[in-house]
Amino acid sequence: MQKNWIILAIILLSLFTTGCSEFERLRKSNDLPKKVKAAFEYYDQKRYYRADILFEEVLPLIQGAPEAEKGTFYHAYCKYYLGDYVLSKYQFQKFYETYARSQFAEEAMYMSAVSLYADSPIYTLDQTNTIEAIGSLQNFINTYPNSKYVEESTNLINELRVKLEKKAFEAALLYSRTGNHKAALVAFNNFQRGYPDSDYNEEVAFRKVESAYLLAEQSIQSKQVERYQEAISSYESFLDRYPQSKFLRRAESYYEKSLNTVGEANKNLQTQKAQEQ
C-alpha cells in the first residue's frame with residue numbers, strides 16, 4: 001500500500017512538472033494564436049492564474065482582433081477570481097467604457113461594482129471603499145433598471161449600509177463610553193437622522209437619555225438645569241417611541257433623577273427669590 005502511494009506521488013509530481021514545463025515553453029513561444037487559444041482554454045478550465053498570465057501577455061498584441069473583446073472581459077474575471085479586487089474593478093470598468101456596445105458591458109459594469117463590494121473592509125476600518133461601492137451599485141441600478149442583477153445589487157447595497165450603520169453606531173457609542181457625552185449626543189442625533197430605519201435606533205434613543213443625564217451631571221452648576229431638562233425631553237421621546245423597550249427601567253432611573261434635580265433646583269431658586277424680597 002505504501003509503495004502504491006509513493007508511485008502515485010511520483011506520477012502526480014511528474015505530471016505537475018511536465019505541465020509547468022509546457023506552460024513555460026508556451027509563455028516563451030512566439031506563436032501568438034497558440035497562446036491566445038491556450039489563454040481561453042485555461043480560463044474555461046478555471047485555471048485562472050495561468051489564464052491571467054497569458055491574457056496579460058497577448059491582449060496588447062491582439063487589439064482590434066475578434067478575440068480581444070472577450071479576452072479583455074475574461075481577463076477582468078481572472079483578476080476577480082484571484083482575489084485582486086482593485087484590479088478587477090479597474091479592468092471591468094475599463095471594459096464597459098471601451099466596449100460600451102458589447103453584450104458583456106452590463107455584466108462588466110455590475111462586476112466592477114461587485115469588486116468594490118468585495119474589497120469593502122470590516123466596519124472598524126475606513127469605509128471609503130464601502131461608500132464608493134454603494135455609489136457604484138446604485139449607479140448600475142440607475143443605468144440598467146431592468147437588469148437581472150438589480151435584485152442582487154439592491155441586496156449588496158443594503159448589506160453595505162448595515163456595515164455603515166454599525167460603524168456610525170459604534171463611533172457614537174465610543175464617545176459615550178469614553179465620557180465625551182456632549183460629542184455622543186451629537187453623534188446619536190446624527191445617527192438618527194442618517195439611519196431613521198435602523199435596528200439600532202431603540203438603543204440610540206436610550207443612549208441619548210443616558211448621555212444627556214451624564215452630561216448634565218458633569219456640567220457646571222449654571223448649565224445643569226438646562227441639561228437635565230434635555231435628559232427629561234429625551235426620555236419622553238424615547239418612551240413615546242419605545243414604550244416596551246428593554247432599556248425602559250434604566251431610562252426611567254435617569255428620568256427620575258433628572259426630575260428630582262430640576263425640581264430641587266427650582267425649589268432653591270424660589271426660596272432664594274423669596275429671601276431677596
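The values are calculated or read from the model by the stated rules, or taken from the named source; none is laboratory data. As the structure is a prediction and not an experimental result, all values here were calculated from the model. When we count neighbours, we look across all protein chains shown, and the Cβ atoms used for this are built from the backbone with ideal geometry, even at glycine. These area figures cover heavy atoms from the full protein model, side chains too; ligands, DNA and RNA do not enter into them. Shrake-Rupley method; radii C 1.70, N 1.55, O 1.52, S 1.80 Å.
When LEU173 is tested against (1) farther than 30 Å from GLY263 by Cβ; (2) without any contact (Cβ under 8 Å) to a residue 12 or more places away in the chain; (3) of a type outside the set (Asp, Glu); (4) open to solvent by less than 30 Å² (accessible area, probe 1.4 Å), exactly one condition is not met: (2). Apart from one condition, SER102 fits all of (1) touching a residue at least 24 places away in the same chain (Cβ under 8 Å); (2) under 10 Å from the mean Cα position of the chain (by Cα); the exception is (2). Taking the stretch 75-90 as the range and being open to solvent by less than 40 Å² (accessible area, probe 1.4 Å) and either more than 25 Å from LEU160 (Cα to Cα) or of a type in the set (Asp, Glu) (or both) as the test, only HIS75 passes. A count restricted to the stretch 192-233 and to residues that are part of a loop (DSSP other than H, G, I, E, B) and over 25 Å from GLU159 (Cβ atoms) stands at 2. Filtering the stretch 74-90 to residues that are touching a Cys at 6+ places or on another chain (Cβ under 9 Å) and in a helix (DSSP H, G or I) leaves only SER88. The residues of the stretch 106-143 that are assigned to a helix (DSSP H, G or I), surrounded by fewer than 17 Cβ atoms within 10 Å (Cβ to Cβ), of a type in the set (Val, Ile, Thr) and under 12 Å from the mean Cα position of the chain (by Cα), listed by number, are THR128, ILE131. Taking first residues from the stretch 178-197 that are free of Cβ contacts under 8 Å to residues at least 40 places away in the same chain and partners that are among the hydrophobic types (A, V, I, L, M, F, W, C) and in a loop (DSSP other than H, G, I, E, B), no Cβ contact under 6 Å between residues at least 6 apart in sequence or on separate chains turns up.
Scanning the stretch 216-232 for residues that are open to solvent by 60 Å² or more (accessible area, probe 1.4 Å) and either of a type in the set (Ser, Thr, Tyr) or touching a strand residue (DSSP E or B) at 6+ places or on another chain (Cβ under 7 Å) (or both) turns up just one, SER222. Within the stretch 91-105, restricting attention to residues that are assigned to a helix (DSSP H, G or I) and among the aromatic types (Phe, Trp, Tyr), the residue that is most open to solvent (accessible area, probe 1.4 Å) is TYR96.
Assessment of the stretch 204-215 against the conditions (open to solvent by 20 Å² or more (accessible area, probe 1.4 Å), over 37 Å from the mean Cα position of the chain (by Cα) and either within 15 Å of SER176 (Cα to Cα) or at pLDDT below 95 (or both)) yields no matching residue.
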